[in-house]
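Engineer: My questions all concern the structure below.
The values are calculated or read from the model by the stated rules, or taken from the named source; none is laboratory data. Since we're looking at a predicted model, the values are computed, not measured. Please note: Cβ atoms are built from the backbone with ideal geometry, for glycine as well, and neighbour counts cover all protein chains shown. Surface areas here come from the heavy atoms of the whole protein model, side chains and all, with no ligands, DNA or RNA. Shrake-Rupley method; radii C 1.70, N 1.55, O 1.52, S 1.80 Å.
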Amino acid sequence: MIDGSVTEGRKVAWFFNASTGVGALNADAYALFDSALAWALSVPPTAPVTVRSLSPGAGQVGVFPDASLRVELKDGGSTQVDTNTVSLKLDANPATPLNTSKSGTITTLTFTPPALFLPGSAHAATVVFSDTAAPPKSFTNTWSFTVENYATLPGSFARPAGTVDINSPGFTVFVHQARADAGLPNNTQRAEGQLRSYLIDWMTGAPYVNHVVGGTPQGSFVDADVINWNQELGTGGTGAEIGNFRTTSTPSFPDEAIPGIPGDEDSTDNIAAELVTFLDLPAGLTRLGVNSDEGFRVTSEVHLRDVARELPLGVFSGSRGAGDTLFSVFVESAGLYPIRLIWYEGVGAANLEFFSVDIPSGQKLLINDRSNAKALKAYRASTFALAPIVQRLGPPPDIANVNGSAEILAELRDQDRAVDTNSVSLFFNDLLILPTMVNVSKSGTVTRITYDPPGLLPANSTNQVTLAFRDNAVPPNSFTNSWKFVVQDYTGFPVIPPSYKMPAGSVNLTQIGFSNRMHQLDFARPGGNNLPAPELQLDPGFPDPSNPGQPAPNVIDT
Ligand SMILES: [Ca+2]
Ligand SMILES: [Ca+2]
Ligand SMILES: [Ca+2]
């Protein structure tokens, strides 16, 4: 149609029923309308066979490593897909065996690759087919997709036999809540700083005070069943449930309050929580999921909380309403694996669900749902002694644009074992730094190591720091951490030459602060608010327009 409401090639029916008046219904009109619709929607004889759908989708990212390929072809108006001509290729290799089936006008091809796709790998697939025209017409479609960058959990991370208490179901939880008006940002870095007591409250210059109510010690809780937290189930909440698991879901999982929330300010905001558990994981591919408002991060590591060694498994960093993130993990061998989940919340609603996905059925199962044999079991207690960990490195690993005068920082935290502060050695760009140049101090459980490289680090230079230390186990465990950072290109920055330095003894160090010279005109400054007009105002001054030949007076109120 000329107004573009009907596209080219589409049939159009106009009809009317002259036997009824305007606005009156006639039973015959329904049949007339139905047949007109059926006629209008029937495929025109010239319509070609088409690709109706592709899975994984064209350009899709984060494709599951165990994804199958699925293609749907649709018959045309007078030509059909010749199912004997269909072939599929994956990365230039024939996709065989290819399962082909036809139902109605739809031909469906499916292929399950014999092995998992590698983490983060890119792939191209091509489907080729012909129609039943004489002569037949051939069609080729190529598309690409990228696989999820999933982690492989090494067998060495599993807890040794007998070191996990199988009578301790659930999770060890620590919850921290900053003051109600803290306005904390939503990202992993904030949550880690808040949980590890190095996020500083600018109002006090000290770490944020924890406003969580209860716990032994304060903020420390046990959650012995499943994680299905929702702030609305806490004191004063609306009781409105959220996420995949609710009282009304099948099976029923009533939402539960967040431990310690609302805190002593009656607030449900600015929360961070750490959940530690030992998951009973089968060998092979496992799919985990977190439903969160706001973000979360899941890691594994032998000595949990070590930022230098942790293995990231899944993450959502940022703000969101209750939403799912699914992530796959390849487990080398069955065992009990240490898992750390951190979760954080800014303002508004707050929730957290931790689940696995039954891969064949796609069903979501809350972790540690002991009523379901398919659910992963979680245990909260282990006698395995945790070594001291690296909790902060500066400049952070792999960061660019670092100030050329940066100091090196490493912060270690004792866990079940403590750092032997006499064992610390630091290498900078492969040179051992003299112990007298390295500052090692210990306060409580935190060992702080700093080193200030002399002078400026070269612009654009890549610098490597290696830190080695031992703990107080008998015999001691040794640890080595290396990280790199890149210095900013400061070559174009203005340089203050050494000759500008004030001669020694010429500055009175008892007179702190600034000297100010103020000048105010009682008329509009010639040249306005642009240099050099203000410089001229200060020296030599403007002529006084009302007193020719005299400099304009300074009218500042002294
Ligand atoms: Ca629970
Ligand atoms: Ca829920
Ligand atoms: Ca929120």
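Engineer: Among the numbered criteria (1) within 30 Å of the chain's Cα centre (by Cα); (2) surrounded by fewer than 19 Cβ atoms within 10 Å (Cβ to Cβ); (3) closer than 30 Å to S300 by Cα, which one does P114 miss?
Structural biologist: Single failed check for P114: (1).
Engineer: Under the condition of being farther than 26 Å from G237 by Cβ and touching a residue at least 60 places away in the same chain (Cβ under 8 Å), which residue from the range 355-369 is surrounded by the most Cβ atoms within 10 Å (Cβ to Cβ)?
Structural biologist: Looking at residues that are farther than 26 Å from G237 by Cβ and touching a residue at least 60 places away in the same chain (Cβ under 8 Å), I get S356.
Engineer: Turning to a different aspect of this structure: Test each condition in (1) open to solvent by 40 Å² or more (accessible area, probe 1.4 Å); (2) out of contact with any strand residue (DSSP E or B) (no Cβ under 6 Å at 6 or more places or on another chain); (3) modelled with pLDDT of 95 or more for Y198 and report the one that comes out false.
Structural biologist: (3)
Engineer: Out of all the residues in the range 396-405, is one or more away from ligand 2 (no atom under 16 Å from the Cβ), in contact (Cβ under 8 Å) with a residue 24 or more places away in the chain, among the hydrophobic types (A, V, I, L, M, F, W, C) and open to solvent by less than 20 Å² (accessible area, probe 1.4 Å)?
Structural biologist: yes
Engineer: Which fully enclosed strands (runs of 3 or more DSSP E) of the range 247-364 have 3 or more residues being out of contact with any Pro (no Cβ under 9 Å at 6 or more places or on another chain) and either modelled with pLDDT of 95 or more or within 16 Å of ligand 3 (Cβ to nearest atom) (or both)?
Structural biologist: 271-281, 284-293, 311-316, 323-331, 335-345, 351-357
Engineer: State all residues of the range 430-470 that are in contact with a strand residue (DSSP E or B) (Cβ under 6 Å, 6 or more places away or on another chain) and more than 23 Å from P396 (Cβ to Cβ); if no residue qualifies, say none.
Structural biologist: R470
Engineer: Go through the residues of the range 435-442 one by one and say whether even a single one is open to solvent by less than 20 Å² (accessible area, probe 1.4 Å) and either among the hydrophobic types (A, V, I, L, M, F, W, C) or assigned to a loop (DSSP other than H, G, I, E, B) (or both).
Structural biologist: Looking for residues that are open to solvent by less than 20 Å² (accessible area, probe 1.4 Å) and either among the hydrophobic types (A, V, I, L, M, F, W, C) or assigned to a loop (DSSP other than H, G, I, E, B) (or both), one finds none in the range 435-442, hence no.
Engineer: Anything in the range 422-452 that is in contact with a helix residue (DSSP H, G or I) (Cβ under 9 Å, 6 or more places away or on another chain) and closer than 25 Å to F493 by Cβ? List them, or say none.
Structural biologist: Selection gives Y451, D452.
Engineer: Would you say L54 is hydrophobic (A, V, I, L, M, F, W, C), closer than 28 Å to S361 by Cα and assigned to a loop (DSSP other than H, G, I, E, B)?
Structural biologist: no
Engineer: Another question, then. Could you give every pair whose Cβ atoms fall below 6 Å, whose first residue belongs to the range 51-76 and is over 21 Å from A115 (Cα atoms), and whose second residue is assigned to a loop (DSSP other than H, G, I, E, B) and open to solvent by less than 20 Å² (accessible area, probe 1.4 Å), counting only separations of at least 6 or pairs across chains?
Structural biologist: D75/V49; G76/V49
Engineer: Let me ask something else. Counting only residues that are aliphatic (A, V, I, L, M) and over 24 Å from D471 (Cβ atoms), which one in the range 305-322 is least open to solvent (accessible area, probe 1.4 Å)?
Structural biologist: Ranking the candidates gives L313 first.
Engineer: Give me a count of the residues in the range 216-245 that are open to solvent by 40 Å² or more (accessible area, probe 1.4 Å) and either closer than 13 Å to F354 by Cα or touching a Cys at 6+ places or on another chain (Cβ under 8 Å) (or both). Explain how you work it out, then say what you get.
Structural biologist: Filtering the range 216-245 down to residues open to solvent by 40 Å² or more (accessible area, probe 1.4 Å) leaves 216-218, 221-222, 224-225, 232-233, 235-236, 238, 240-242, 244.
Now drop any that are not either closer than 13 Å to F354 by Cα or touching a Cys at 6+ places or on another chain (Cβ under 8 Å) (or both), which leaves 225, 244.
Matching residues across the range 216-245 total 2.
Engineer: Of L336, L352, which residue is surrounded by 23 or more Cβ atoms within 10 Å (Cβ to Cβ) and within 16 Å of ligand 1 (Cβ to nearest atom)? It would help to see each step written out before you state the result.
Structural biologist: Numbers: L336 fails: within 16 Å of ligand 1 (Cβ to nearest atom).
On inspection, the qualifying residue turns out to be L352.
Engineer: Only one of (1) small (G, A, S); (2) in a loop (DSSP other than H, G, I, E, B); (3) open to solvent by less than 30 Å² (accessible area, probe 1.4 Å); (4) not assigned by TED's automatic domain parsing to the domain that holds F253 fails for A375. Which number is that?
Structural biologist: Failing condition for A375: (4).
Engineer: Please specify each residue of the range 262-285 satisfying the condition of being over 16 Å from T172 (Cα atoms) and touching a helix residue (DSSP H, G or I) at 6+ places or on another chain (Cβ under 6 Å).
Structural biologist: T268
Engineer: Just a yes or no: is a residue in the range 219-234 modelled with pLDDT under 95, assigned to a loop (DSSP other than H, G, I, E, B), more than 15 Å from ligand 3 (Cβ to nearest atom) and not polar (S, T, N, Q)?
Structural biologist: no
Engineer: Do we have V474 as under 25 Å from F157 (Cβ atoms), open to solvent by 50 Å² or more (accessible area, probe 1.4 Å) and of a type in the set (V, I, T) here?
Structural biologist: yes
Engineer: Moving on to the next point. With the checklist (1) open to solvent by less than 20 Å² (accessible area, probe 1.4 Å); (2) assigned to a loop (DSSP other than H, G, I, E, B) in hand, flag the one item P135 doesn't pass.
Structural biologist: All conditions pass for P135, except number (1).
Engineer: Name every residue in the range 281-304 that is closer than 14 Å to N481 by Cβ and surrounded by 21 or more Cβ atoms within 10 Å (Cβ to Cβ), in order of residue number.
Structural biologist: H303
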